[in-house]
């Protein structure tokens, strides 16, 4: 049975940044779990913010200045090889991530470590359009993974379904309240205004269509995968990341 590291060929990429909605954190945690089982070294972090409880399985080191973070990493490393990185913890229980440039420096200081990075937020929605300030993708990233929740397929373009629905409506000329067809979703996933925004030219890019546990979601995800392959997407993975069989199918050109 193929796991997510194998499906993404993740061991070929030292820096992986995950963007989108519908399973970013689950993707990172699944990769982390699998890399840990293979006794790989890694740092897990965000360039934005995320709930501290989501990284409860890892020791987190904090530093509001790069030299301080580096000092804390050096203290942790003799005992730990899977470490969360952040600048600080805010009053609402969220860790504030580290600048993308710090990740670029750390990759040269720790060449034997993988870096798992969350590059944007989605307000718990399964689909999104990036804001002006995002995604924040380190230039050292070699694989960007875009996530979408399969349950959005066929739903309507509303703020309750899509993060920044109004902006998506404007950019892709889709009226608010209109059904999100496979064609529209594929447009967003393959657009420089959508999921390809700020993706470095040197990066590989893959799409994960998550939450395909149900027959309907699986069938819709399969249809979307074929749409994406027809548009030149090289790798699309159907997943059910909250189950004991997270990878359900892999499509490649």
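The numbers here are math on the coordinates, done by the rules we state, and not lab data. Remember, it's a predicted structure, so these values are computed and weren't measured experimentally. Reconstructed Cβ throughout: ideal geometry from the backbone, glycine too, with neighbour counts over all protein chains shown.
Compared with the direct C-alpha span, the chain from residue 56 to residue 133 gains 25.0 nm at full extension, assuming 0.36 nm per residue. Using alpha carbons only, how many degrees (0 to 90, rounded to 10) separate the axis of helix 100-109 from the longest principal axis of the chain? Between the helix axis and the principal axis of the chain, the angle is about 50 degrees.
For the pair residue 109 and residue 67 in one chain, pulling the backbone fully straight at 0.36 nm per residue adds 13.9 nm over the alpha carbon distance. Per the Kirkwood formula applied to alpha carbons, region 117-253 shows a radius of gyration over Rh ratio, Rg over Rh, of 0.94. Per-residue ellipticity at 222 nm, computed for the chain from helices alone with -39500 (n - 2.57) per DSSP H run of at least four residues, works out to -8500 deg cm²/dmol.
If R₀ is 35 angstrom, what is the calculated FRET efficiency for the pair residue 183 and residue 81, using the beta carbon separation as r and rounding to 0.05? Calculated transfer efficiency: 0.20. Distance between the 7 Å Cα→Cβ label points at residue 223 and residue 101: 4.7 nm. Taken along the Cα-to-beta-carbon direction at a fixed 7 Å, the label points for residue 37 and residue 234 span 2.6 nm. Just to be sure I understand: with springs between alpha-carbon atoms less than 10 Å apart, which residue in 104, 67, 187 has the highest mean-square fluctuation in the Gaussian network model of the chain? Of the options given, 67 has the highest mean-square fluctuation.
Placing R0 at 22 angstrom, the Cβ-Cβ distance between residue 6 and residue 253 gives a FRET efficiency of 0.80 after rounding to 0.05. Report, in whole Å, the centroid distance computed from the Cα atoms of region 122-179 and region 28-89. First find each Cα centre; the distance between them is then 27 Å.
Compute the angle between helix 24-37 and the longest alpha-carbon principal axis of the chain, please, reported from 0 to 90 degrees and rounded to the nearest 10. Tilt relative to the chain: about 50 degrees.
For the chain, the relative contact order is 22 percent, taking Cα pairs closer than 8 Å that sit 6 or more residues apart in sequence and dividing their mean separation by the residue count. Calculated on the Cα set of the chain, radius of gyration then Dmax: 17.7, 55 Å.
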